[in-house]
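All remarks here apply to the structure that follows.
The values are calculated or read from the model by the stated rules, or taken from the named source; none is laboratory data. Just so it is clear, the structure is predicted and the values come from calculations on it, not from any experiment. Here the Cβ positions follow ideal geometry from the backbone for every residue, glycine too, while neighbour counts run over all protein chains shown. With ligands, DNA and RNA removed, areas are computed over all heavy atoms of the protein, side chains included. Shrake-Rupley method; radii C 1.70, N 1.55, O 1.52, S 1.80 Å.
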Amino acid sequence: MPIQLLLRTPDPIPGEGIFGYVLRLSERNGYDSPWHVFQHAGYLQQEMIAPGFEPRRLAAIVGKEADLLERYCYSRLTDDGQREFQLNGHSLGRRLGKTLRVRRPAICTACIEADGFADACWDAQAFVACPKHGRLLLLNCPACESHLKWFRPGLLQCHCGASLAGVVADTASAATQGLMAVLRSTIRREALPPDQGVHLSLPHRELSAVPLRGLLHVLSVLEKLDTEAKVSDGPDTTAADVFFDWPNGFHAYLRRMASTGIASGVETVGLRKRFHRLYEGLFKRCRMVNGMEFMREEFVRFGRDEWGDGVVDFKLMGSEPTKSRFTSASALASELGVMHITVRRWMEVGAIPFKTVEVGQGSRFVADSAAVSQVAAYKENRVHGREAAKLSGLPVSALRELKKSGHYSTNAIANCRAGFWPVDLQQLNDRLLATAGDASGKADEVECSREALVSLGRILGFWKLGAVRAKGAFLAEVLDGELVPVRRSGDHANDLLFRIGDVESFRVRFALGTGREYISAKTAAHMLGASTTIVAALVEAGHFLPAGDHGVRLSRCSVDKFMESWKPLNALAKELNTSSMALRLSADALDIKVMRVPYSAGRQAPFVATADAVVLRQAFANRRSKRRSGELV
């Protein structure tokens with residue numbers, strides 16, 4: 001019996017899929033479903049919508065060559081007689097998996113209204129949005145909410161009878177639109193615009209060079225891992241975010257995977273093992289997709305320079321290994337030429353930033369080698385003790401104290417290593433000189449005397465600043481900018497000139513800051529704002545207690561207790577910018593008791609109680625305010 005042709009037999013449109021073509025045939029011939037077309041051609045139900053659809057019987061009822069229709073099918077015979085899957089002529093291999101959405105189509109209604117056919121691009125599972133209109137593909141009927149089917153009356157009509165014309169899907173993200181533009185250009189074998197479009201934020205040149213089969217595999221693996229990690233919650237593809245804003249998007253994806261446990265539960269800090277499933281799926285040699293080498297290189301760079309929770313094994317580096325920023329303590333020790341325990345000690349004192357990474361039942365350390373710079377790796381130039389003091393002109397005690405406080409060098413490692421290096425000593429001298437700014441020049445003896453200046457060399461060599469730590473603490477305050485030299489008279493740190501008052505303030509501040517039980521009479525005088533003669537008088541009067549076996553030192557507790565109760569009238573007069581005589585008259589007028597302590601022949605030091613000092617301040621402020629008002633009148 002001869003086969004009867006369909007009444008209308010249009011040719012397939014380039015870029016159209018076979019089932020979209022059959023649906024268009026059915027609609028043009030007035031059928032309410034492609035079922036009738038398939039049945040007329042003699043297909044059984046299980047042969048109709050299948051990845052391995054064979055087009056010869058369909059070709060017979062439309063009067064076309066079978067080879068012509070085979071180009072639009074999802075499978076074809078190879079030269080060796082084997083059947084493989086395809087999409088628009090691109091080989092997809094002999095195992096299809098979930099690469100294509102065969103039974104549940106997706107559409108862009110705007111494209112169908114404009115072009116009149118269903119694009120084969122939409123049949124790729126990874127294709128989720130139309131880059132031309134910036135909308136997600138329509139997967140469900142908005143009327144019946146069921147999945148779209150191939151067995152429906154027309155391209156823009158659901159099987160429930162509802163019209164799909166004019167239905168607008170949600171807007172796709174810029175990342176998704178860009179990736180879909182790349183994917184469509186690959187499927188259609190079309191070139192992307194070189195200078196405009198959202199795809200420019202992606203590595204579009206590299207992705208466009210990847211075969212379609214490999215590109216779909218990469219997108220599938222990324223989506224699968226993201227789904228298993230339960231991170232994504234939107235309809236847009238996660239793979240789009242991976243490639244958008246390259247390589248930052250890829251780094252964010254890797255960090256997200258790590259935070260959800262993908263990179264945990266292993267017994268090592270190696271990058272490959274901590275991202276085992278990602279590596280096995282994308283970068284293992286037997287599974288490596290041709291053209292995706294750029295992604296593997298970025299994966300290695302992420303572990304080498306960005307992540308910090310793992311290290312990169314040299315085997316991943318390739319034939320030309322590059323120094324890694326993040327490395328293990330043992331590898332860093334080998335690089336620096338020191339023992340492993342030395343690096344561990346530097347890490348413990350904070351000289352080398354590191355992370356503790358939990359692996360299995362224990363933990364491992366990952367060091368940041370970027371913080372390790374200008375490290376002296378050899379011992380030939382190292383000097384010790386007196387030789388370092390001779391080279392620098394600074395006391396050994398001060399150099400050691402600067403190392404302890406971290407002020408010796410801007411390189412944290414140099415502060416931890418035993419001994420000193422000339423380059424570090426020279427840099428220390430330059431940093432000290434820099435604290436004087438541009439205030440340099442030769443200062444003569446008269447000017448120094450008038451301004452009461454003293455050189456750093458004299459301060460460190462002859463002044464008693466306090467305990468053994470004092471000289472180092474003094475230099476630390478200079479380097480921190482808390483003590484600022486007036487000028488410098490030469491090109492060495494010892495030529496820095498300081499105000500004597502600033503040095504005295506430091507000495508007292510250091511003595512009080514050490515929390516010592518006993519202080520000198522000079523320190524007590526500075527605290528009191530009086531002379532040492534008055535301090536001696538207070539000791540004789542029993543207000544200050546001597547420190548027993550500690551010679552001329554005083555009990556700090558007794559000094560603090562006296563200052564809590566009494567205020568020197570001279571210090572109060574200086575504070576109020578008046579004379580002590582004026583304050584005595586005010587005290588007499590207010591009937592305030594003044595304690596007078598004799599300290600030399602015919603001379604007395606006046607003190608008032610701290611509570612009375614508050615009254616005197618207020619009275620003096622009120623009188624000054626009234627006087628000003630009178631002047632205004």
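Here are some notes:
- Estimated FRET transfer efficiency when R0 is 22 angstrom, pair Asp32-Glu113 (beta carbons, to 0.05): 0.60
- Take region 486-549 with all the other protein chains still there, run a 1.4 Å probe, and you get 45 Å² of accessible area per residue.
- Projected label points at Ile500 and Asp430, each 7 Å from Cα along the beta carbon direction, are separated by 3.5 nanometres.
- A straight line joining the Cα centroids of region 30-101 and region 169-210 runs 28 Å.
- Using the alpha carbons alone, the radius of gyration of region 119-170 stands to its Kirkwood radius in an Rg to Rh ratio of 0.94.
- Tail fraction, Cα-Cα pairs, region 140-230, threshold 22 Å, whole percent: 51
- By the Cα gyration tensor, region 560-633 has an equivalent ellipsoid whose semi-axes, rounded to whole angstrom, run 25, 14, 10 from largest to smallest.
- Whole-percent carbon and sulfur share, accessible surface of region 474-633, 1.4 Å: 51
- Value of D in µm² per second that Stokes-Einstein yields for region 487-530, Kirkwood Rh from Cα pairs, at 4 °C (1.567 mPa s): 108
- Sequence-distant residues sharing a close amide H with Leu100 (under 5 Å, placed H): Gln125
- When the C-alpha to C-alpha distance is required to be over 22 Å, the pairs from Lys522/Lys593; Lys522/Lys574; Lys561/Lys593; Lys98/Lys132; Lys522/Lys567 that qualify are Lys522/Lys593; Lys98/Lys132.
- Region 59-195, accessible area per residue, ligands and nucleic acids excluded (1.4 Å, Å²): 45
- Shape category assigned to region 567-607 from the gyration tensor of Cα positions, a/c cut at 1.5: oblate
- HN-Hα J in Hz across region 171-181 - Karplus 6.51, -1.76, 1.60, θ = phi - 60°, x for Gly and Pro: 6, 7, 5, 4, 5, 5, 4, x, 5, 5, 5
- Apolar share of the accessible surface for region 108-222: 50 percent from carbon plus sulfur atoms, 1.4 Å probe.
- Nonlocal amide H pairs with Ser75, under 5 Å, H built at 1.01 Å: Gln86
- Rolling a 1.4 Å probe over the protein heavy atoms leaves Glu564 with an accessible area of roughly 130 Å².
- For region 44-126: rounded, prolate or oblate by the Cα gyration tensor [a/c cutoff 1.5]: oblate
- Phi-derived couplings, Karplus 6.51 cos²θ - 1.76 cosθ + 1.60 at θ = phi - 60°, listed residue by residue for region 556-562: 5, 4, 5, 5, 4, 5, 5 Hz, with x used for Gly and Pro.
- Sequence-distant residues sharing a close amide H with Val597 (under 5 Å, placed H): Ala605, Phe607
- Note that region 137-150 has calculated 3J(HN,Hα) couplings of 5, 8, 9, 10, 6, x, 7, 9, 6, 8, 4, 5, 10, 6 Hz, one per residue in order, obtained from phi through the Karplus relation 6.51 cos²θ - 1.76 cosθ + 1.60 (θ = phi - 60°); glycine and proline are x.
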